[in-house]
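**Student:** One structure coming up, written as structure tokens, with questions to follow.
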Amino acid sequence: MITVNVELGERAYPIHIGPDLIGRTDLFAPHIAGSTVTIVTNTTVDPLYGDALRHALAPLGKQVSTVVLPDGEAHKNWETLNLIFDALLNARADRKTTLIALGGGVIGDMTGFAAACYMRGVPFIQVPTTLLSQVDSSVGGKTGINHPLGKNMIGAFYQPQAVIADISALRTLPARELAAGVAEVIKTGAIADAGFFDWIETSIDALNRCEPQALAEAVKRSCGIKASVVAADEREGGLRAILNFGHTFGHAIEAGLGYGEWLHGEAVGCGMVMAADLSVRLGHLDDVARRRLVDLIVAANLPVRGPALGDSRYIELMKVDKKAEAGAIKFILLKRFGDTLITEAPDDAVRATLAATAAPI
């Protein structure tokens, strides 16, 4: 097992990474102070790992209940969030109740948001079961739900007590979900560590084959980078925004198609292609680097051409973005691998990028 620490003073917490961690009572015990625990999971994950987690919690002598939500991004909304609150209120959960998010990014985001809101804050633990949630969404305290007009526009910064990333859980991932997680690994290397990007290029086949050693390395290095960024800028006042490379275009794809049509990582992969194209058009990135990025995204079995939404619709959706200021879209662009900038872009350049990288209507 490897442990990466997120250094946030009183809110610091460990990220434990390794095989067969869901069943380890010792990893949960230090982070559960109260007498009650509520596991939040979904209809796909609970049959796979719910019993293992409940078995791990049994020796602690806690009262454990489980909330099983419908699976998928389409359910990341107020209605589903209220199912968590309904369960907590019906069980008369108190301020020492610990929530445990067992699942992918949707479960982690909603459980964290519920924990931030219930009685104005109760503790929670992240147990991410997808590659995307292990390398990205479970770390850093971003929680929330989607709105029909914008992704993750309603939420809170709220840090977990711990993240327990069980690499063994990745064995049950469908190929499409695995690829979606690899997209966030690629993003992390592209924005923050050229050496890590090189490693991903040489290791992409091993990642696609779900080889445990390669996956553990990818999770460790991705979490290490994200932990350092979050420690420097917890609430995205500046530096942390670089973690959204590919997300401005990607969130527009998700909202424009309807949440769940494309997986988040698929939209981010395509969004990175779009952002790299815009980076070249504005003179920040050379075309050789752009081609390397596109080739790696193709090798990861991710889409590189956006859906046919129309450039005006893309721009309209990108203006509903947390980074937008006074209606101006802020793009995360590349100068070279490991070096980014945050900038606005001329409308004609954005439209040219969309013409080159998205299907025509």
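The values are calculated or read from the model by the stated rules, or taken from the named source; none is laboratory data. Bear in mind the structure is a predicted one, so any value in this text is a computation, not a measurement. Every residue, glycine as well, gets a Cβ built from its backbone with ideal geometry; the counts of neighbours run over all protein chains shown.
**Student:** Based on what the data block shows, is residue 70 within 24 Å of the chain's Cα centre (by Cα), free of Cβ contacts under 8 Å to residues at least 40 places away in the same chain and closer than 17 Å to residue 260 by Cα? So that I can check it myself, show each step before the final result.
**Tutor:** Values: within 24 Å of the chain's Cα centre (by Cα): yes; free of Cβ contacts under 8 Å to residues at least 40 places away in the same chain: yes; closer than 17 Å to residue 260 by Cα: yes.
So residue 70 passes the test.
**Student:** Among residues belonging to segment 92-103 that are farther than 12 Å from residue 22 by Cβ and hydrophobic (A, V, I, L, M, F, W, C), point out the one that is surrounded by the most Cβ atoms within 10 Å (Cβ to Cβ).
**Tutor:** Top of the filtered list is 101.
**Student:** Of all residues being small (Gly, Ala, Ser) and surrounded by fewer than 24 Cβ atoms within 10 Å (Cβ to Cβ) in segment 249-268, which is nearest to residue 332 (Cα to Cα)? Just the residue, please. Even if it seems obvious, please write down each step before you answer.
**Tutor:** Looking only at segment 249-268, we keep the residues that are small (Gly, Ala, Ser), and these are 250, 252, 255-256, 258, 260, 265, 267.
Still in the running and surrounded by fewer than 24 Cβ atoms within 10 Å (Cβ to Cβ): 256, 258, 260.
On the way: 256: 20, 258: 23, 260: 24 Å.
That would be 256.
**Student:** Next question, about the same structure. Return the residue satisfying two criteria in turn: it lies in segment 135-182 and is within 14 Å of the chain's Cα centre (by Cα) and acidic (Asp, Glu), and of such residues it is nearest to residue 10 (Cα to Cα).
**Tutor:** Result: 136.
**Student:** Within 28 Å of residue 151 (Cα to Cα), assigned to a helix (DSSP H, G or I) and of a type in the set (Ser, Thr, Tyr): does that describe residue 41? Outline the logic, then answer.
**Tutor:** Values: within 28 Å of residue 151 (Cα to Cα): yes; assigned to a helix (DSSP H, G or I): no; of a type in the set (Ser, Thr, Tyr): yes.
The answer is no for residue 41.
**Student:** Any idea which of 131, 83, 89, 69 is over 30 Å from residue 200 (Cα atoms), of a type outside the set (Phe, Trp, Tyr), crowded, with 18+ Cβ neighbours inside 10 Å and modelled with pLDDT of 95 or more? Step through it out loud before you land on a result.
**Tutor:** Working: 131 fails: over 30 Å from residue 200 (Cα atoms); 83 fails: crowded, with 18+ Cβ neighbours inside 10 Å; 89 fails: crowded, with 18+ Cβ neighbours inside 10 Å.
Criteria check complete, one pass: 69.
**Student:** Of 51, 71, 86, which residue is of a type in the set (D, E, K, R) and not in a helix (DSSP H, G or I)? Walk me through it before giving the result.
**Tutor:** On the way: 51 fails: not in a helix (DSSP H, G or I); 86 fails: not in a helix (DSSP H, G or I).
Sole residue among the options that is of a type in the set (D, E, K, R) and not in a helix (DSSP H, G or I): 71.
**Student:** Being out of contact with any His (no Cβ under 7 Å at 6 or more places or on another chain) and within 19 Å of residue 80 (Cα to Cα) narrows it down to one residue among 194, 156; which is it? Lay out the reasoning, then the answer.
**Tutor:** Values: 194 fails: within 19 Å of residue 80 (Cα to Cα).
The match here is 156.
**Student:** Further question on the same structure: Filter segment 89-108 down to residues that are touching a residue at least 24 places away in the same chain (Cβ under 8 Å) and either part of a helix (DSSP H, G or I) or of a type in the set (Gly, Ala, Ser) (or both), then give me how many there are. Give the derivation first.
**Tutor:** From segment 89-108, those touching a residue at least 24 places away in the same chain (Cβ under 8 Å) are 91, 93-108; that's our starting set.
Keeping just the survivors that are either part of a helix (DSSP H, G or I) or of a type in the set (Gly, Ala, Ser) (or both) gives 91, 93, 101, 103-108.
Qualifying residue count, segment 89-108: 9.
**Student:** Looking at 201, 217, which is the one that is buried (at least 16 other Cβ atoms within 10 Å of the Cβ), in the same structural domain as residue 272 (by TED's automatic domain parsing) and either of a type in the set (Gly, Ala, Ser) or under 27 Å from residue 340 (Cβ atoms) (or both)? Break it down into steps so the answer makes sense when it comes.
**Tutor:** Details: 201 fails: buried (at least 16 other Cβ atoms within 10 Å of the Cβ).
Testing whether each residue is buried (at least 16 other Cβ atoms within 10 Å of the Cβ), in the same structural domain as residue 272 (by TED's automatic domain parsing) and either of a type in the set (Gly, Ala, Ser) or under 27 Å from residue 340 (Cβ atoms) (or both) leaves just 217.
**Student:** Among the numbered criteria (1) in a helix (DSSP H, G or I); (2) over 24 Å from residue 25 (Cβ atoms), which single criterion is violated by residue 111?
**Tutor:** In the conditions (1) in a helix (DSSP H, G or I); (2) over 24 Å from residue 25 (Cβ atoms), residue 111 misses (2) alone.
**Student:** For residue 236, only one of the following conditions fails: (1) under 20 Å from residue 267 (Cβ atoms); (2) surrounded by fewer than 24 Cβ atoms within 10 Å (Cβ to Cβ); (3) not assigned by TED's automatic domain parsing to the domain that holds residue 335. What is its number?
**Tutor:** Evaluating residue 236 over (1) under 20 Å from residue 267 (Cβ atoms); (2) surrounded by fewer than 24 Cβ atoms within 10 Å (Cβ to Cβ); (3) not assigned by TED's automatic domain parsing to the domain that holds residue 335 leaves (3) as the failure.
**Student:** On to the next question. Would you point out the residue of segment 245-261, among those that are modelled with pLDDT of 95 or more and more than 20 Å from residue 312 (Cα to Cα), that is farthest from the chain's Cα centre (by Cα)?
**Tutor:** Across segment 245-261, the extreme among qualifying residues is 261.
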